[in-house]
Each structure stands twice: as structure tokens, then as C-alpha cells.
1. Tell me which of these A212 doesn't satisfy, since it passes every other one: (1) of a type in the set (G, A, S); (2) in a helix (DSSP H, G or I); (3) under 28 Å from K296 (Cα atoms).
2. Could you give every pair whose Cβ atoms fall below 9 Å, whose first residue belongs to the range 423-443 and is hydroxyl-bearing (S, T, Y), and whose second residue is assigned to a helix (DSSP H, G or I) and more than 9 Å from the ligand (Cβ to nearest atom), counting only separations of at least 6 or pairs across chains?
3. Just wondering, is there one or more residues in the range 84-103 that are within 22 Å of the chain's Cα centre (by Cα) and within 10 Å of the ligand (Cβ to nearest atom)?
4. Could you identify the single residue in G30, G97 that is out of contact with any Phe, Trp or Tyr (no Cβ under 6 Å at 6 or more places or on another chain) and within 22 Å of D443 (Cα to Cα)?
5. Report yes if some residue within the range 190-198 is assigned to a helix (DSSP H, G or I), surrounded by fewer than 19 Cβ atoms within 10 Å (Cβ to Cβ) and either within 16 Å of the ligand (Cβ to nearest atom) or not charged (D, E, K, R) (or both); otherwise report no.
6. Please go through (1) at pLDDT 85 or above; (2) within 16 Å of the ligand (Cβ to nearest atom) for A267 and return the number of the only condition it doesn't satisfy.
7. So, of the residues in the range 47-77 that are more than 9 Å from the ligand (Cβ to nearest atom) and among the aliphatic types (A, V, I, L, M), which turns out to be farthest from A115 (Cα to Cα)?
8. When the residues of the range 130-158 are filtered to those that are crowded, with 19+ Cβ neighbours inside 10 Å and outside any loop (DSSP other than H, G, I, E, B), which remaining residue is nearest to the ligand (Cβ to nearest atom)?
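The values are calculated or read from the model by the stated rules, or taken from the named source; none is laboratory data. These numbers come from a predicted model, not from an experiment. All Cβ positions, glycine included, derive from the backbone under ideal geometry; neighbour counts span all protein chains shown.
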Amino acid sequence: MTFVATQLLSPRPRFRTATRVAIVGAGFSGTMLALNLLEQADVEVLLIERDRQRMGAGVAYSSSESAHLLNVRAGNMSAFADKPDHFCDWLAARGLGCDAAFVTRATYGRYLREALAGAMEKYGRRLKLVDDEVLDIAERGGQVTLGLVNGGLIEADRAVLAIGNLPPHDPPAIAGAHLPSHRYIGDPWASAFEEGLEKDAPVLVIGTGLTAVDVILRLVTHGHEGPITALSRRGLRPHRHIDGLRPKPILAKPAPELSELVAWGRAESRVRDWRLVVDSIRPITQMMWASADAEKRARFLRHLRPFWDVHRHRLAPEVADRIDALVASGQLDFRAGKIADVAVEPDALAVSWRPRGGDEPVVTRAARMINCTGPQGDLLRSTDPLVKRMLSAKRIRPDALRLGLDIDRDGHVVDAKGQPSEHILAIGPMTRGDLWEVVAVPDIRIQVSALARRLVNAHWTGGEGL
Ligand SMILES: Cc1cc2nc3c(=O)[nH]c(=O)nc-3n(C[C@H](O)[C@H](O)[C@H](O)COP(=O)(O)OP(=O)(O)OC[C@H]3O[C@@H](n4cnc5c(N)ncnc54)[C@H](O)[C@@H]3O)c2cc1C
């Protein structure tokens with residue numbers, strides 16, 4: 001009797017054997033999957049990260065710039081799906097407020113690193129941090145083997161790709177142009193792009209979205225005083241958040257199709273602030289995406305995506321104020337147009353671009369041109385060693401719209417023949433072809449918590465389904 005009572009009162013079931021899960025990438029997605037797995041079951045987790053500086057925080061939250069703020073309110077940035085106040089409590093314990101606060105990304109990085117350090121202490125040898133790059137993953141005999149850059153091998157029951165976004169591609173007019181590396185910066189996340197730049201030199205930023213805003217703020221924070229032109233096809237800038245708005249999430253689809261949803265959104269925006277309308281549909285956007293076929297999704301990407309992005313992913317008011325002030329001072333200019341040609345001159349790049357709706361090309365001379373077209377997901381254009389190897393071994397394939405990895409509904413990667421892998425899964429922004437809205441913390445925390453539950457439940461039931 002005592003035995004049964006102990007079992008019933010036990011907070012977690014005991015599993016027959018410990019599962020070993022290898023997670024590739026220790027940004028928000030990989031780190032939080034690790035923590036969810038460890039919390040839910042008696043598993044062993046190997047968290048593998050190739051860039052030591054990013055362990056636990058990833059690309060977004062490794063920034064040490066005080067000008068880089070979260071673009072989601074602190075109140076909605078808990079790392080745990082089942083503990084909505086976790087981040088606010090963490091802030092409060094450090095004497096920081098939470099109401100409508102857009103804290104720095106560096107602060108959020110500290111929060112994630114502390115959570116990881118806490119897990120190291122709590123779970124001991126069940127959590128191993130591996131400072132290495134995964135070059136290949138093969139499945140054999142019901143297991144996965146991960147090949148590392150240093151020649152080592154890791155064996156596990158499952159491998160989960162949490163590799164984040166792929167670096168940006170060069171815009172078509174620049175691809176293959178062999179521009180000098182001190183003049184053209186192809187990937188701002190992988191470069192100290194402000195170094196060696198004269199403080200009054202002209203800069204051309206390609207892109208006008210969140211990445212462009214980040215880069216512009218970093219330039220001016222580091223003392224840049226020269227003119228900055230930000231150029232994109234439509235010249236659309238991210239809108240700003242407004243304090244004090246409380247969206248009421250809707251739980252049922254207000255319209256059957258994506259196109260009708262836009263019409264619904266426009267009508268609703270006549271009676272309440274459009275931000276409330278956009279934020280209210282968050283719980284149903286994945287559902288809307290799932291019910292749209294490939295053609296409708298492609299149409300959305302072609303016609304609506306740029307507008308969706310600037311309305312959905314907004315700037316903290318302080319950030320928007322700084323950008324507005326730079327525009328008002330004349331230092332920053334947003335333009336709409338398409339680059340036609342780039343010529344290398346002795347002290348600059350001469351960038352010829354055609355303004356939107358106009359015929360006459362404009363030439364902008366820039367001492368530095370920075371590609372801020374944003375993260376990408378097209379595997380076929382990737383130079384990432386792991387992605388290239390897995391593609392050439394036909395173990396992964398792009399999703400139908402080339403937004404990332406093709407996965408099945410449980411998160412397994414799908415191979416070149418359309419067969420889901422039994423042991424390799426993916427999470428985070430590279431799964432946006434399947435889920436669309438899975439690039440920000442509020443969505444990824446739900447994805448990783450659900451995957452952790454499925455992984456351990458699958459083990460509990462003998463591996464069926466996963
Ligand atoms: C600049 C920026 C700001 C953002 N701001 C916000 C925000 O304010 N709020 C919000 O909700 N969302 C924000 N986001 C969205 C953000 O993408 C997600 O919140 C989340 O950080 C994504 O994490 P990730 O772990 O999937 O990817 P990443 O953070 O990119 O982490 C992936 C990690 O995998 C590693 N890796 C890749 N390949 C290998 C390999 N082969 N071997 C070993 N390691 C590998 C990389 O080094 C990297 O550290 C922002 C994104 C960016 C880029």
C-alpha cells in the first residue's frame with residue numbers, strides 16, 4: 001500500500017531508461033527545450049553551441065548594446081509557457097519594473113543565462129554544455145550520431161535542430177559582385193561593422209526593418225555622425241508600440257481565409273486601435289496558416305508579408321523616438337527603391353538604385369554598405385556546413401515556400417523523399433514554413449514546452465509517435 005501511495009504522490013512518473021537528447025544550438029529555443037526536458041523527465045540533455053559567447057542567449061540576446069531593447073513587453077517575455085510571471089518576478093527581484101517595460105536584450109540574455117546556470121546546478125550531470133559545432137547528424141540503429149568540428153562524435157536517442165535563422169543573403173544586384181569587405185558588410189550579426197568607419201562617412205543600409213533599426217542604433221551609439229540612408233523595396237518602417245493598450249485575445253477564427261482576415265482587420269481597425277486588432281489574433285495565426293494551402297500562403301508572402309511584418313513586429317516607444325529624432329535631424333533617410341548596380345570607387349561604393357514608382361536611377365555614394373535584409377531560411381542558398389551536409393545527404397529538405405526546414409506535425413525533419421525522420425527534430429524560426437508565427441519568444445516557448453512533453457511522453461509509451 002505504501003508503495004502505491006508513494007507512486008501516486010510522486011510528482012513525475014519514473015521512466016524505464018533515461019533518454020539522451022542532443023540539442024544543436026543554445027539560443028532561446030535550444031536552451032528552453034533543454035530546461036523543459038530536464039524539468040519534465042529523467043532525461044540527459046547535451047546542449048551544443050558553436051559560439052561560446054552565445055551559450056544560453058543566442059543571437060538576439062547576446063547583444064550588449066544598451067540601445068537594443070526587446071520589441072515585446074517584459075510582461076509577455078517569460079521564458080516558460082506555464083509560468084507567465086517568471087520574467088517579471090526575475091526583474092522584480094532585481095528592483096526592476098515590469099509594467100509596459102521594454103528592457104534591454106542584454107538584460108534578457110542575463111535572465112536566460114541565469115536560468116541555464118540554475119539548471120546546471122539543479123540537474124548536475126543530466127545537463128552537459130558542449131562548446132563545439134555540429135557538422136553532420138546521421139541516424140543508425142535507432143540512434144543519432146552527431147559529428148563535431150573537432151572530430152568528436154556524440155550519440156543520442158534524439159537530435160533537435162535549434163539552429164536559429166540562417167544569415168541574410170546578398171541582394172540580387174550584389175550577389176557575386178565581389179565588393180571589398182571593408183565597404184560591404186553581408187551579415188551584420190557576424191561583424192563589428194562600425195569598426196574603421198570615419199564618423200562622418202555616408203552609410204547605406206539595405207533594408208528598413210528591425211535589423212536595419214538595430215544597425216542604425218548601434219552606429220549612432222558608437223558615435224557615428226554621418227548621413228545614413230536606409231533603402232528597401234517599399235521603404236516600410238516598423239511601427240511603434242503604444243503604452244496602455246490591452247489586447248483581448250480572440251480564440252476563434254474571425255474569418256475563414258487569410259485574405260478575409262485582412263478585410264476583417266481593416267474593418268475592426270476603424271473602431272479600435274489597429275495594434276489591438278493585430279495583437280488580438282495572435283492565438284489564431286498559426287491556425288490560420290495551417291488551414292491555408294501552399295498557394296494561399298505564397299500569396300500572403302508575396303503581397304502581405306512586408307505589411308504584416310511592420311505592423312506585427314513593432315518598436316519599443318523609446319527606440320521609435322530615437323529613430324524619429326534621427327529622421328527629423330536629417331541624419332537618417334528612409335527610401336523606397338531597388339538596387340540596380342554597384343560600382344567600386346577609390347573611397348566609396350557608388351550604388352545606383354531605382355526609386356519605387358520612378359524611372360530615373362539615383363546614385364548614392366557610401367563608405368560602407370550594410371546588408372540588413374534580415375534573417376533567411378532558404379536552405380538551398382545556405383552556406384552553413386551542417387545544413388549543406390544534411391541537404392546533400394538528403395536527410396532534410398526545404399519546406400514548400402523555402403522559409404526553412406520541412407517538418408511533420410510533430411516536429412520531425414522530413415527527408416528528400418518526403419519521409420519524416422524518426423530521431424531528428426527541429427524547433428524555432430526554421431520551422432516557420434509549418435507554423436509561420438514561431439519567431440518570437442511568446443510562440444517559441446509554447447513550441448518547446450509542447451515538444452518536450454511529446455518527447456518524454458513518447459518515451460513513457462514506448463516511443464510511439466515520436
Ligand atoms: C536581433 C533580434 C532581436 C529579437 N528581439 C526579439 C524580442 O525582443 N522579443 C522576441 O520575442 N523575439 C525577438 N527576436 C526573435 C528571436 O529570433 C527569438 O526570440 C529567439 O531568440 C530565437 O532563438 P533561437 O534559439 O531559435 O535562434 P538563435 O538565437 O539564432 O540561436 C541559434 C544558435 O544555434 C547555434 N548554432 C547554429 N548552428 C549550429 C551548429 N551546427 N552547431 C552548434 N551550434 C549551432 C548558433 O550559434 C546560435 O547561437 C529577435 C530576433 C533577433 C534576430
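1. The one condition A212 does not meet is (3).
2. Final answer for the pair search is T431/Q447.
3. Yes, the range 84-103 contains a residue that is within 22 Å of the chain's Cα centre (by Cα) and within 10 Å of the ligand (Cβ to nearest atom).
4. Unique residue meeting the criteria: G30.
5. Keep residues of the range 190-198 that are assigned to a helix (DSSP H, G or I), which gives 190.
Filter once more, so that each one left must be surrounded by fewer than 19 Cβ atoms within 10 Å (Cβ to Cβ): 190.
Pick out the ones that are also either within 16 Å of the ligand (Cβ to nearest atom) or not charged (D, E, K, R) (or both) and you get 190.
The answer is yes, given that some residue of the range 190-198 is assigned to a helix (DSSP H, G or I), surrounded by fewer than 19 Cβ atoms within 10 Å (Cβ to Cβ) and either within 16 Å of the ligand (Cβ to nearest atom) or not charged (D, E, K, R) (or both).
6. For A267, the failing item is (2).
7. A67
8. V134
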